[in-house]
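What follows is one structure encoded as structure tokens, with my remarks underneath.
Please treat every number below as a calculation from the coordinates, not as lab data. Because the structure is predicted, anything quoted here is derived from the model rather than measured. Here the Cβ positions follow ideal geometry from the backbone for every residue, glycine too, while neighbour counts run over all protein chains shown.
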């Protein structure tokens, strides 16, 4: 299951916790799901393509069909990797000389490090000023899709909140959570969510619960934190994309919104509002249970919708940023520009791979992406011209007002991209799971220690970069002029 394709293609993406051993390379790679076109005609060339798409697969298969029809001498051999193992697999592939020609950019190592290690191809011979000019202004930056002034990737998706609260209309109506005209009353606040969960649990007579999730991979509980604390005024969310740039630090222990929401989550559990097996099932199973009416609310992204559409399940609504008050105090954020795909430096079909890269980054492919209900395109005309027939997807499109550009340290100071922030353990997913299961009892201490670990990792990364000659400091992560309720205008150095 692909979480989402974000501007940096890593939010909601959990890196593998243990690296695969070198002897596992062949097994790991041959065990992946692969698909390829019919036998290639004489003189044709084949592009090895890697991605982790699942719910987006029908769109991508269609693009491959259209591309190969237009380019009969180029064939795409697609390999689908398991998302949480992808960083290890791509690392081993490059080390073993078996890298794909075109790849989805992994969330780690850092993008600049992937370039520095010679993984990614410089696209400047093809990505000319004229080519970049077809994108909206302000979409190519060092630290985002460029390194040292050279282009290595390009923006793909448009900006919208990557998480939503999905609402089962049938259960809401059964519980009487409706407006005077009979339509479902969409919860806006934390109290609204609590009241709806209580009503569904009570009115169902034990047949359904108010809330549910699938946290077997330790992944989806952080989404609840991400969705609920942002509206409360914590712009870093669950912190995977950076600290609170107003202060340049992670604030899990010092910002009471985190403890307040986690306390509410534990209260929901105590009162029996949460589906009991939520910790032992995966997100895919949880989405299926939501579809079947086992619980009334689930947190997820637009990637949920294609599968439900395939199953002819449309009786749901969505909202985003449920907040303590009716007006959110912080939103979802994204860097200007973006990156999803790249070409391998070691490809011997680089010109043909560029043709495929160029195809996916065109307005026509973007429009088909939107029409397939996968998300928004970076091209405004693709969004405007797309024929949207799904009301839930139209509701998702309407949430884009809650997604704003935010500060990017590497745009203001390119040397900030040289800072490597090491992963910490235990991290937020581990802490949340520990609190939920009762393995951790002191919430305040657990959150403060997590805050300290994250901030120490940033400080250590800055010190290491300084020792290697980078002109960078912790001040580069502080943007005192940032108002989280307004778009931030990044200014390159």
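Suppose we keep just the alpha-carbon trace of the range 278-345; what are its Rg and Dmax in angstrom?
Both quantities, over Cα of the range 278-345: 16.4, 50 Å.
Could you calculate the FRET efficiency of residue 388 with residue 292 from 1/(1 + (r/R0)^6), where r is the beta carbon distance between them and R0 is 25 Å, rounded to 0.05?
Computed FRET efficiency for residue 388 and residue 292: 0.45.
How large is the direction-averaged shadow of the alpha-carbon convex hull of the range 175-264, in nm²? Numbers along the way, then the final one.
Working: hull surface 30.3 nm².
Mean orientational projected area (the range 175-264, Cα hull): 7.6 nm².
Taking 25 Å as R0, compute the FRET efficiency from the Cβ-Cβ separation of residue 139 and residue 54 and round it to 0.05. Walk me through the numbers on the way to the answer.
Numbers: r = 27 Å, r/R0 = 1.08.
So, using R0 = 25 Å, E works out to roughly 0.40.
Taking just the alpha-carbon atoms of the range 164-334, what radius of gyration and Dmax come out, in angstrom?
15.7, 48
For the range 314-439, what class follows from the C-alpha gyration tensor (a ≥ b ≥ c being the square roots of its eigenvalues): rounded when a/c is under 1.5, otherwise prolate if a/b is larger than b/c, else oblate?
oblate
Please work out the C-alpha center-to-center distance from the range 419-478 to the range 201-265 and express it in whole Å.
So the separation of the two Cα centres works out to 18 Å.
Semi-axes of the equivalent ellipsoid of the range 236-330: what are they in whole Å, largest first, if each equals the square root of 5 times a C-alpha gyration tensor eigenvalue? If you can, show how the numbers build up before the last one.
Details: eigenvalues 165, 61, 36 Å².
Largest first, the range 236-330 gives 29, 18, 13 Å.
Compute the Cα gyration tensor for the range 384-432, then decide on rounded, prolate or oblate, letting a ≥ b ≥ c be the square roots of its eigenvalues: rounded whenever a/c is under 1.5, prolate when a/b is larger than b/c in the other cases, and oblate in all that remain. Intermediate results must be reported in sequence, preceding the final value.
Values: a/c = 3.83, a/b = 1.67, b/c = 2.29.
Oblate, because a/c is 1.5 or more while a/b does not exceed b/c.
Rounded if a/c is under 1.5, else prolate if a/b beats b/c, else oblate: with a ≥ b ≥ c from the C-alpha gyration tensor eigenvalues square-rooted, which is the range 411-477? Intermediate results must be reported in sequence, preceding the final value.
Details: a/c = 3.32, a/b = 3.28, b/c = 1.01.
Prolate, since a/c reaches 1.5 and a/b exceeds b/c.
Within the range 221-260, list the residues whose amide N lies under 14 Å from a label point set 7 Å along Cα→Cβ of residue 437.
221
Run the simple label-point estimate for residue 285 and residue 464 please: 7 Å along Cα→C-beta, distance reported in nm.
3.7 nm
Based only on Cα atoms, what mean projected area does the convex hull of the range 33-163 have, in nm²? Please list the in-between numbers first.
Values: hull surface 39.1 nm².
Quarter of the Cα hull surface area: 9.8 nm².
Work out how much length residue 307 to residue 202 would gain on full extension: take 0.36 nm times their residue separation and subtract the Cα-Cα distance, in nm to one decimal.
That pair, residue 307 and residue 202, stretches by 34.9 nm at full extension.
Residue 401 versus residue 95, label points 7 Å from Cα toward the beta carbon: distance in nm?
5.0 nm
Highest first, please rank the peptides 293-300, 456-463 by the mean number of other Cβ atoms sitting within 10 Å of their residues.
Output ranking for 293-300, 456-463: 293-300, 456-463.
Counting helices only, and only those DSSP H runs with n ≥ 4, report the 222 nm mean residue ellipticity of the chain as the sum of -39,500 (n - 2.57) divided by its residues, in deg cm²/dmol to the nearest 500.
Computed ellipticity for the chain at 222 nm equals -10500 deg cm²/dmol.
Just rank 349, 340, fewest to most, by other beta-carbon atoms within 10 angstrom.
Least crowded to most crowded, the residues run 349, 340.
How long are the semi-axes of the equivalent ellipsoid of the chain, defined as square roots of 5 times the Cα gyration tensor eigenvalues? Whole Å, largest first.
Values: eigenvalues 255, 157, 96 Å².
Working from the Cα gyration tensor, I get semi-axes of 36, 28, 22 Å.
What fraction of the DSSP beta bridges in the chain is antiparallel, stated in percent and rounded to the nearest 5?
55 percent
Can you compute the modelled spin-label distance between residue 247 and residue 131, with each label point 7 Å from Cα toward Cβ, in nm?
Spacing of the two 7 Å Cα→Cβ label points: 4.4 nm.
Counting pairs of Cα atoms in the range 224-272, how many percent are more than 12 Å apart?
Of all Cα-Cα distances in the range 224-272, 61 percent exceed 12 Å.
Expected output is a single nm value to one decimal: the length gained when fully extending between residue 364 and residue 148, i.e. 0.36 nm times separation in residues minus the C-alpha distance. What is it?
Residue separation times 0.36 nm, minus the Cα-Cα distance, leaves 74.7 nm.
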